[in-house]
Structures are given as C-alpha cells and as structure tokens.
Amino acid sequence: MEALPPKLTFENSPFALKTITQRWPVILAQLIDSLYRNRIQYHEVDALDLEGIKTLTGAIGQLRYEVTTNKTITLLSSVVDGCDNDLDLWNSLLRNSGVLLTTSRDRTVGLDHPTWFSLPWLFVECYLYRRIMDCVALSQLGNFDPFAVKKRSGLMKSESLVTQLLSFLSVSQNPQCVLPTDTLFTVFLQAAL
C-alpha cells in the first residue's frame, strides 16, 4: 500500500501558507463587511437582534485577529443547531491535537500549544468554519447563516450557466444524441470547476 502524501501545513505547502495568510483573512473581512452592510435587513426582514449581529461582528473580528496573528487554537464552546454530537467530537479531535485552551487570552500553556499555522491545513480550515458557527451560536442568533447573502449572490450569478448546463444535459440524454461519454464527462467536469 502506498504511503499517504504528507499533510499540508504552513511550513510545507505554499498553497496552505497562502490560504492561511491571505485567503482566510479576506473571507473573514468580507464576512464582517457583509454583516455590517446587511444588519438593518437582518433586523427588519429576518427579525434578528441588532445586538446579536453586533456581537457576531465583533466575534468574527476577534477570530480574524487570531488567524492573522497565529494565536493559539481553542476548544469550541457552543452546540450548533442541528449538530448535537458535533461539539464533543470537535473538542475530542482538538484535544487529541494538543489543544487545551478555552480562550485565546489564556496564557497558561507553553509555546508548543497548537496555533493556526501549526496544525494540518485542512483540519484548521474546517475548524475555521466551525468557529464561525460557534460565534453565531454565542451571539444567540439561532441557525443564522452568515454566508447566506454570498451564497444567494453566487447562485443568482450562476443561473444562466446552470440553465445552459441543464439544456445540454437534456439534449445529451436524448437517445439520438451520439456524443462520446468522454466528451460529456469533460463538459460537466469543466462546468464543475
């Protein structure tokens, strides 16, 4: 059996380094901006508490600071709606990785405590999004999706492509269609990218 490739980390992968140092801070900054710009709509249309939105915005700002300054990783503290076993599983995985802290302000651990740059990239990427949902839960905004505006926008922008793809799929399913399977595969693969 072939050995698995090494885990991508800050030290061994330019991709992981760029993701951690450039992409994540931008994602978090855009999220903060979106929360601020849409706060009135969230309050008036979605009936969300303005103080909760303000709390969430501050928490995401703190998270961005922790990521950009490579602070220690912390255990999670909130059960996310619909994911009852999630908190225990995450904290178990985090403890197995050496995470002991419940807050990034705790200074009782040594220099070897895991940070944003020291754990495997994919694990920390998933942790980042789970931390965002932890911030939502701590802000008492229920099952609010802070990325909903961006998701809706992306869906609307891709509507014509999806329509074209569905038309192509409809034609390709016609028994009279003689397109080779590898051509169909290539078209759908490129559309997925």
Kindly indicate whether Leu169 is surrounded by fewer than 11 Cβ atoms within 10 Å (Cβ to Cβ), farther than 19 Å from Arg64 by Cβ and not aromatic (Phe, Trp, Tyr).
-> no
Within the set of pairs 6 or more residues apart or between chains, which connect a residue that is surrounded by fewer than 10 Cβ atoms within 10 Å (Cβ to Cβ) and at pLDDT below 90 inside the range 95-121 to a residue that is outside any loop (DSSP other than H, G, I, E, B) and of a type in the set (A, V, I, L, M) with Cβ atoms less than 6 Å apart?
-> none
Might you let me know whether the range 78-89 holds any residue that is surrounded by 18 or more Cβ atoms within 10 Å (Cβ to Cβ), aliphatic (A, V, I, L, M) and in contact with a Phe, Trp or Tyr (Cβ under 8 Å, 6 or more places away or on another chain)?
-> no
Scan the range 35-53 for residues that are part of a helix (DSSP H, G or I) and polar (S, T, N, Q) and report the count.
-> 1
Taking only the range 19-58 into account, find how many residues are among the small types (Gly, Ala, Ser) and surrounded by fewer than 18 Cβ atoms within 10 Å (Cβ to Cβ).
-> 3
When both residues are 6+ apart or on different chains and their Cβ atoms are under 6 Å apart, which pairs have a first residue that lies in the range 26-47 and is at negative phi, and a second that is surrounded by fewer than 19 Cβ atoms within 10 Å (Cβ to Cβ) and modelled with pLDDT under 95?
-> Ser34/Val149; Asn38/Val149; His43/Leu50
Test: Thr68 is out of contact with any Leu (no Cβ under 8 Å at 6 or more places or on another chain), more than 18 Å from Ser139 (Cβ to Cβ) and surrounded by fewer than 18 Cβ atoms within 10 Å (Cβ to Cβ) = yes
Lone qualifier among Phe117, Phe188, Phe168, Phe123 - being outside the structural domain of Lys18 (by TED's automatic domain parsing), touching a helix residue (DSSP H, G or I) at 6+ places or on another chain (Cβ under 8 Å) and within 30 Å of Leu8 (Cβ to Cβ) = Phe188
Inspect all residues belonging to the range 59-67 and state whether any of them is on the phi < 0 side of the Ramachandran plot, without any contact (Cβ under 8 Å) to a residue 60 or more places away in the chain and among the charged types (D, E, K, R).
-> yes
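The values are calculated or read from the model by the stated rules, or taken from the named source; none is laboratory data. Everything numeric here is computed off the predicted structure, so don't read it as measured data. Cβ: placed from backbone, ideal geometry, glycine included. Neighbour counts: every protein chain shown.
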